[in-house]
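Asks: Below you will find the structure I want to go over with you.
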Amino acid sequence: MSFNTPIDRRNTNSSKWDLMEKLFGVSPDGGLAMWTADSDYQTAPCVLAAIDRARDHGVFGYGIDSTDYTDAITWWMQNRHGWTVDPDWIVTTQGLGNAIALSLQLWSEPGDAAAIFTPVYHEFAHKITRAGRVVTTCPLVRDGDTYALDLDDAKTRLTGREKLLIWCSPQNPSGRVWTTSELRAVAAFARDNGMLLISDEIHHDLVYRDHDFVPMAVAAPDFADNTVYLTAASKTFNIAGQRTGNMIIPNADLRAQAQTWQAMMDYKPGSLAIAMITAAYSAEGAAWADAQMDHLQTNRDLLQNGLRAIPGVWSMPLQSTYLAWVDFSGTGMDHAQIAARIRDDAKIAVSPGPAFGTGGETFMRINFATQRHVVEDAVQRLQQAFRDLQ
């Protein structure tokens with residue numbers, strides 16, 4: 001596995017590297033891109049082999065059958081997550097961002113609200129507001145080194161206009177892996193308050209071996225009629241640029257509505273993306289995904305330990321994802337001061353915590369899905385940038 005082979009992504013039309021100076025003021029020449037959630041190493045060999053086969057064939061015409069693709073998805077969910085998925089439930093979308101936008105369009109009206117638990121992936125709120133809907137913010141509770149739900153508090157924040165609850169599992173940015181009882185409580189909370197549950201589970205394969213991810217469908221199967229599950233291979237296999245994901249919808253009426261909308265928009269997934277994902281969801285892909293988690297765990301520990309050596313800085317114990325959620329509140333600095341040191345002194349582009357909503361004000365999110373020497377370099381830079389605290 002080539003996780004530590006250096007790859008220069010500059011000037012390759014990479015948003016992660018080629019936008020970092022525009023967005024964060026950090027030049028890719030000498031700077032490190034550790035913000036947006038994609039990884040800096042090649043995807044699995046079985047995926048690359050599928051691309052090679054398609055290239056060698058050289059004809060990229062219309063396809064007629066997606067059975068191999070849906071069979072691969074059902075195999076993966078059963079074997080990796082203990083979730084039995086009917087292939088007929090699968091509605092393929094242009095990525096999960098598209099799936100969330102489609103959910104808002106289908107199952108709410110302009111002026112309605114959608115609830116989210118913050119801090120959470122910033123695009124949830126952006127997509128809600130772009131759709132002309134209203135964000136209802138329900139803050140998570142800081143519970144020592146992790147976050148917990150306070151559904152009693154969340155209930156008081158609902159206005160009665162909420163039609164959707166957009167849920168993140170595992171949780172981005174904190175990496176929290178929710179328990180079965182928590183998942184069931186969220187499913188019940190959504191149903192009891194008249195909200196359709198949209199469960200975004202894009203990071204479900206990126207869970208460290210001392211924790212167990214439970215799909216919402218497995219935790220709360222009796223709430224399946226009120227839930228749309230979102231899954232994708234994009235984070236697991238670093239193929240987000242293929243813009244392909246899935247809504248898994250057991251409710252036949254909801255599924256028909258999604259399929260009708262897609263037919264109206266004449267949307268079908270690209271054949272190359274389908275070939276790549278079909279190859280990824282295989283025994284070979286599973287072996288690669290396991291090796292990736294070993295690599296990420298070493299990077300996680302290296303970064304967490306290095307950051308915790310800086311007084312006032314605490315990297316929350318990460319149960320999943322490759323996105324460290326780092327609290328700088330103990331430094332006594334405000335966000336602008338923290339950002340300036342990371343940007344100007346360390347020359348690292350990271351995701352600013354306030355973008356993730358209430359609860360993220362003193363945090364930064366740092367992506368360590370890269371070569372080990374890059375993480376080592378980042379630790380040295382950050383320790384140097386905050387050296388006066390040590």
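The values are calculated or read from the model by the stated rules, or taken from the named source; none is laboratory data. Bear in mind that the values here come from a model prediction, so they are computed numbers and not experimental data. Backbone-built Cβ (ideal geometry, glycine too); neighbour counts: all protein chains shown. SASA here: full protein model, heavy atoms, side chains in, ligands and nucleic acids out. Shrake-Rupley method; radii C 1.70, N 1.55, O 1.52, S 1.80 Å.
Asks: Does Thr179 satisfy the criteria of being among the polar types (S, T, N, Q), under 22 Å from the mean Cα position of the chain (by Cα), farther than 22 Å from Trp107 by Cβ and open to solvent by 40 Å² or more (accessible area, probe 1.4 Å)? Explain how you work it out, then say what you get.
Replies: Values: among the polar types (S, T, N, Q): yes; under 22 Å from the mean Cα position of the chain (by Cα): yes; farther than 22 Å from Trp107 by Cβ: yes; open to solvent by 40 Å² or more (accessible area, probe 1.4 Å): yes.
Answer is yes for this residue.
Asks: With respect to His122, is the statement that it is open to solvent by 40 Å² or more (accessible area, probe 1.4 Å), in contact with a Gly (Cβ under 8 Å, 6 or more places away or on another chain) and of a type outside the set (D, E, K, R) true?
Replies: Yes.
Asks: Here is a further query. If you go through the range 164-174 one residue at a time, do you hit one that is surrounded by fewer than 18 Cβ atoms within 10 Å (Cβ to Cβ) and within 30 Å of Ile366 (Cβ to Cβ)?
Replies: Here is the first cut: in the range 164-174, the residues surrounded by fewer than 18 Cβ atoms within 10 Å (Cβ to Cβ) are none.
Within the range 164-174 (the criterion being surrounded by fewer than 18 Cβ atoms within 10 Å (Cβ to Cβ) and within 30 Å of Ile366 (Cβ to Cβ)), the answer is no, since none of the residues qualifies.
Asks: If you don't mind, there's one more thing I want to ask. Looking at the range 337-372, which of its residues are touching a Pro at 6+ places or on another chain (Cβ under 8 Å) and either touching a residue at least 60 places away in the same chain (Cβ under 8 Å) or under 30 Å from Arg157 (Cα atoms) (or both)?
Replies: Ser351, Gly353, Phe356, Gly357, Thr358, Gly359, Gly360, Glu361, Phe363, Met364, Arg365, Gln371
Asks: Further, regarding this structure: Limited to the range 232-256, what total is found for residues that are in a helix (DSSP H, G or I), of a type outside the set (Phe, Trp, Tyr) and buried (at least 16 other Cβ atoms within 10 Å of the Cβ)?
Replies: Matching residues across the range 232-256 total 7.
Asks: Which members of the range 125-148 meet the condition of being part of a helix (DSSP H, G or I) and buried (at least 17 other Cβ atoms within 10 Å of the Cβ)?
Replies: Ala125, Lys127, Ile128
Asks: Starting from residues that are closer than 29 Å to Asp150 by Cβ and assigned to a loop (DSSP other than H, G, I, E, B), keep the ones in the range 85-119 and report whichever is most open to solvent (accessible area, probe 1.4 Å).
Replies: Glu109
Asks: Let me ask something additional. Can you tell me which residues in the range 337-390 are in a helix (DSSP H, G or I), touching a Phe, Trp or Tyr at 6+ places or on another chain (Cβ under 7 Å) and open to solvent by 20 Å² or more (accessible area, probe 1.4 Å)?
Replies: Selection gives Arg341, Arg343.
Asks: Restricting to the range 20-76, name every residue that is acidic (Asp, Glu) and part of a loop (DSSP other than H, G, I, E, B). Explain how you work it out, then say what you get.
Replies: The first filter runs over the range 20-76 and keeps only residues acidic (Asp, Glu), leaving 21, 29, 38, 40, 52, 56, 65, 68, 71.
Selection gives Asp29, Asp38, Asp40, Asp65.
Asks: Report the residue count in the range 101-117 for those that are touching a residue at least 24 places away in the same chain (Cβ under 8 Å), in contact with a Lys or Arg (Cβ under 9 Å, 6 or more places away or on another chain) and more than 24 Å from Pro173 (Cβ to Cβ).
Replies: Total satisfying the criteria: 5.
Asks: Out of all the residues in the range 135-153, which are at pLDDT below 95 and over 21 Å from the mean Cα position of the chain (by Cα)? Full working, then the answer.
Replies: Step one: of the range 135-153, the residues at pLDDT below 95 are 142-146.
Matches in the range 135-153: Asp143, Gly144.
Asks: Can Ser181 be described as over 16 Å from Trp89 (Cα atoms) and either modelled with pLDDT of 95 or more or polar (S, T, N, Q) (or both)?
Replies: yes
Asks: I'd like the residue in the range 320-336 that is buried (at least 20 other Cβ atoms within 10 Å of the Cβ) and of a type in the set (S, T, N, Q) and, out of all such residues, is farthest from Asp212 (Cα to Cα).
Replies: Among residues in the range 320-336 that are buried (at least 20 other Cβ atoms within 10 Å of the Cβ) and of a type in the set (S, T, N, Q), the one farthest from Asp212 (Cα to Cα) is Thr321.
Asks: Go through the range 257-271 residue by residue and tally those that are open to solvent by 60 Å² or more (accessible area, probe 1.4 Å) and either of a type in the set (Val, Ile, Thr) or part of a helix (DSSP H, G or I) (or both).
Replies: 8
Asks: Identify the residue in the range 9-60 that is out of contact with any Lys or Arg (no Cβ under 9 Å at 6 or more places or on another chain) and of a type in the set (Ser, Thr, Tyr) and, among all such residues, is farthest from Asn367 (Cα to Cα).
Replies: Thr12
Asks: If a residue must be open to solvent by less than 50 Å² (accessible area, probe 1.4 Å), assigned to a loop (DSSP other than H, G, I, E, B) and either in contact with a Pro (Cβ under 6 Å, 6 or more places away or on another chain) or among the polar types (S, T, N, Q) (or both), how many such residues does the range 3-19 contain?
Replies: Residues in the range 3-19 being open to solvent by less than 50 Å² (accessible area, probe 1.4 Å), assigned to a loop (DSSP other than H, G, I, E, B) and either in contact with a Pro (Cβ under 6 Å, 6 or more places away or on another chain) or among the polar types (S, T, N, Q) (or both): 1 in total.
Asks: Only residues that are open to solvent by 30 Å² or more (accessible area, probe 1.4 Å), in contact (Cβ under 8 Å) with a residue 40 or more places away in the chain and among the hydrophobic types (A, V, I, L, M, F, W, C): list them for the range 275-310, please.
Replies: Ala275, Leu302, Ala309
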